[in-house]
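Inspection log for the structure reproduced underneath, given as structure tokens.
The values are calculated or read from the model by the stated rules, or taken from the named source; none is laboratory data. None of these values were measured; they are calculated from a predicted model. FYI the Cβ positions are ideal-geometry reconstructions off the backbone, even for glycines, and counts take in every protein chain you see.
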Amino acid sequence: MFDEQQVRALHLTGISRTKAAQILGTHKYHLEKYLKVIKLDWKPRVRGGSYVIDGVKDTLARHAQRLGVTVATIRWRLERQQPLTAPAAINPVSQVEAITFTALRKVGVPAWNAAVIVGRPYGTLNIAARRLRPDYLTATASAPRIRRSPKEIAEHLALTGKGQGFQAFSQY
């Protein structure tokens, strides 16, 4: 039937059972029956197979666990040929930043100024504060509203280079 040494050698190469059966010239079903007889635990390959990363051959799920990132991150970085161990491109808003932003909003600091003080975009802080701080919505509901005048908005847009069409709009 099969040479046990040959089957064990194929197992050590890390190929799939289907590929090994093809090499041996038989069906996978027959190979699986033989594996039970010789008590060789040949685990099925996971979708996508094995990858060699940093000299380690393993599945993407195990590589992700080892590197401390998600499988999607590894796939994304492999597709773009980026370093797999690079730090995350986006730093999530910390609890301290959310607390600071909420505290500033409670005392009446305008949202755009509070965002500048914390050092993050307003939209990012607003979403994170809603998620991380249960008191954020009540804090902003009772905070005094200070709106920017059209002149302040035009100055800000001119400084950032985005105010080309705003002059015509601000006349209405």
Query raised in the report: Would a scan of the stretch 66-87 turn up a residue that is surrounded by 12 or more Cβ atoms within 10 Å (Cβ to Cβ), on the phi > 0 side of the Ramachandran plot and of a type outside the set (Val, Ile, Thr)?
Result: no
Query raised in the report: in contact with a helix residue (DSSP H, G or I) (Cβ under 9 Å, 6 or more places away or on another chain) and in the same structural domain as residue 143 (by TED's automatic domain parsing), is that true of residue 100?
Result: yes
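So which residues in the stretch 143-170 are of a type in the set (S, T, N, Q), surrounded by fewer than 10 Cβ atoms within 10 Å (Cβ to Cβ) and modelled with pLDDT under 75, if there are any at all?
Those that are of a type in the set (S, T, N, Q), surrounded by fewer than 10 Cβ atoms within 10 Å (Cβ to Cβ) and modelled with pLDDT under 75: 160, 164.
Do you know which residues across the stretch 17-38 are in a loop (DSSP other than H, G, I, E, B) and exposed (fewer than 14 other Cβ atoms within 10 Å of the Cβ)?
The answer is 25, 27, 38.
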Report summary line: Taking the stretch 128-158 and keeping only residues that are outside any helix (DSSP H, G or I) and closer than 16 Å to residue 113 by Cα, one is left with 143, 144, 145, 146, 147, 148, 149
Report task. Search the stretch 35-54 for residues being in contact with a Leu (Cβ under 7 Å, 6 or more places away or on another chain) and modelled with pLDDT of 80 or more, and hand back the single one that is nearest to residue 21 (Cα to Cα). Result -> 42
